[in-house]
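Comments concern the structure below.
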Amino acid sequence: LTVRKIPLKQRASVGNPLSRFKLLLNADYVRLWSIGVALNIVFWLETVALGIYVYDLSESAFAVGFIGFLRLVPLLLLGAFIGTIADRANRRVMLAATNITCAIVYLILGVLVVTDRIELWHISVGAFIGGVLWATDFPVRRAMIGDSLPPDRLPAAFGVDMASGNFSRVFGPLVGGVFIQTIGMQGVYFLGSAMFGMASLIAISMLFIRTGRDGTSVATENATNRTYDLRSGLRYVRTDTVLYVTIIVTIVMNVFAFPYQLMIPVIGTDKLHVDPVLIGLLFSVEGVGATFGALIVAAMAQPRHFTRVYTYSSVGLLAILMAFAFAPWYWLVLPLLFIAGFTMSGFATMQSVIVVISTNPVMRGRVLGVLTVAIGSGPIGALLVGFLGTNIGGDKAVFTIAAIGLALTAVTVLSSRRYLRSIPRPRR
């Protein structure tokens, strides 16, 4: 394995953590980051609110898991297709169109709640449409971030993006819990509609359109020089060890780690016996840990550490979840979820950085589409944890899936020992 020489101009950036945050002077990045903030606020506001609301309506852990399944299944079904389209279409238009659609849908759902006509199938349809929006985030918005900045700025760019998203988890769940306890689910939907509308306006106002280094449209360039099919992204991933292991670990984490969040309302209600506001606080403290973690990774991580940070964060999160599952007291659960958020941020930040840096720009949309499909494996975990939660309890369900995930992650990384020593870089 050869080690790349870092240009002298970039060494100062690597050596000075604060210099990395000059990316906030990049107007294109700030617009894309602002859209991400709006979307993350809705996601985390809705995560706790939907979990509490659906569990209250149905008294079924499986129903909570099924709604989580519907929010994530578009990633699996549509991620690769969206990635292919994103390599050819105007991404600004895609961003605006998906956000406008969600703004309208959430407004309708809010009206249904106010008029007392809301039913579980309405919530299910809304969850699926919201999931379609999330399926565009990696191959559209995050790919645009990758194209708007030089490679040495990307760790900080994705770190700041992740930190702001995690900060949304600090107050989003709390607001969701307060809304459910005071205003009702209509408040969540109306606020979501407003945030989607704001994101749409930012997307429409953007002057940035994906461009190559010579200023020509990469999408147009690709359309004339390459055959577009979904298999090209998969072939690219299969022939690159760093990408391949990163994608496999992503699948493991999304099936066996992150579905635990669906069980937090169940565990909070049935085991810890706390109200919606305190359930929201469980999500929020996780967000505090994730925010600190993302900022530290953004400021300190070096290219030679990327794969190790990614791997150790994954293993750490799974181990913490096993401890969380059997924590008997609310005030013990809080610090455990703080640590879980901290480790989660290392995984999530490095996931985007490794994939973007390891991918040639002309393949970026399709490879990020493959990553979106990998993240879209989460619905399998949502159904699994919902089924286990109904039959053996939410806490035992979380322990079971985390233990399986820990074993699979260890096997995956150990089967390719070079991965931990690899420095992500694109093939020519």
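Name the single residue, out of those in the stretch 84-125 being among the small types (Gly, Ala, Ser) and modelled with pLDDT of 90 or more, that is nearest to MET144 (Cα to Cα).
By that ranking, first place goes to ALA103.
So which of THR372, THR359 is assigned to a loop (DSSP other than H, G, I, E, B) and more than 16 Å from ARG308 (Cβ to Cβ)?
THR359
Quick check on this structure: which one of VAL48, VAL73, VAL132 is of a type in the set (A, V, I, L, M, F, W, C) and under 30 Å from HIS273 (Cα atoms)?
Values: VAL73 fails: under 30 Å from HIS273 (Cα atoms); VAL132 fails: under 30 Å from HIS273 (Cα atoms).
Of VAL48, VAL73, VAL132, the one residue that is of a type in the set (A, V, I, L, M, F, W, C) and under 30 Å from HIS273 (Cα atoms) is VAL48.
Check LEU149, LEU76, LEU50 and return the single one that is buried (at least 24 other Cβ atoms within 10 Å of the Cβ), under 22 Å from the mean Cα position of the chain (by Cα) and not aromatic (Phe, Trp, Tyr).
LEU50
For residues in the stretch 334-347 being surrounded by fewer than 24 Cβ atoms within 10 Å (Cβ to Cβ) and of a type in the set (A, V, I, L, M), which is nearest to ILE375 (Cα to Cα)?
Per the stated criteria, the residue is ILE339.
Could you check the stretch 309-333 and list, in sequence order, the residues that are of a type in the set (Phe, Trp, Tyr) and under 24 Å from VAL266 (Cβ atoms)? Spell out how you get there, then give the answer.
If we filter the stretch 309-333 for residues that are of a type in the set (Phe, Trp, Tyr), which is where we start, we get 310, 312, 324, 326, 329-331.
Matches in the stretch 309-333: PHE324, PHE326, TRP329, TYR330, TRP331.
Testing LEU295 on (1) within 20 Å of the chain's Cα centre (by Cα); (2) surrounded by fewer than 18 Cβ atoms within 10 Å (Cβ to Cβ), one condition comes back false. Which one is that?
So LEU295 meets the others, but not (2).
Give me the pairs, please: first residue somewhere in the stretch 321-347 and closer than 20 Å to ALA299 by Cα, second residue anywhere and among the polar types (S, T, N, Q) and at pLDDT below 90, beta-carbon distance under 8 Å, and either six or more positions apart or on two chains.
Qualifying pairs under 8 Å: GLY341/ASN166; GLY341/THR291; SER345/ASN166; SER345/THR291.
Looking only at the stretch 300-318, count every residue that is in contact (Cβ under 8 Å) with a residue 12 or more places away in the chain and over 20 Å from the mean Cα position of the chain (by Cα) and tell me the total.
4
Could you identify the single residue in THR101, THR115, THR182 that is closer than 20 Å to GLY79 by Cβ and out of contact with any strand residue (DSSP E or B) (no Cβ under 6 Å at 6 or more places or on another chain)? Working first, answer last.
Working: THR115 fails: closer than 20 Å to GLY79 by Cβ; THR182 fails: closer than 20 Å to GLY79 by Cβ.
Going through THR101, THR115, THR182 in turn, the sole match is THR101.
For the stretch 384-428, enumerate the residues that are part of a loop (DSSP other than H, G, I, E, B) and farther than 20 Å from VAL237 by Cβ.
GLY393
Which one is nearest to LEU75 (Cα to Cα) among residues in the stretch 254-280 that are surrounded by fewer than 24 Cβ atoms within 10 Å (Cβ to Cβ) and among the hydrophobic types (A, V, I, L, M, F, W, C)?
So, considering only residues that are surrounded by fewer than 24 Cβ atoms within 10 Å (Cβ to Cβ) and among the hydrophobic types (A, V, I, L, M, F, W, C), the one nearest to LEU75 (Cα to Cα) is VAL255.
The values are calculated or read from the model by the stated rules, or taken from the named source; none is laboratory data. Given the structure is predicted, the values throughout are model-derived calculations rather than measurements. Ideal geometry is used to build each Cβ from the backbone, glycine not excepted, and the neighbour counts take in all protein chains shown.
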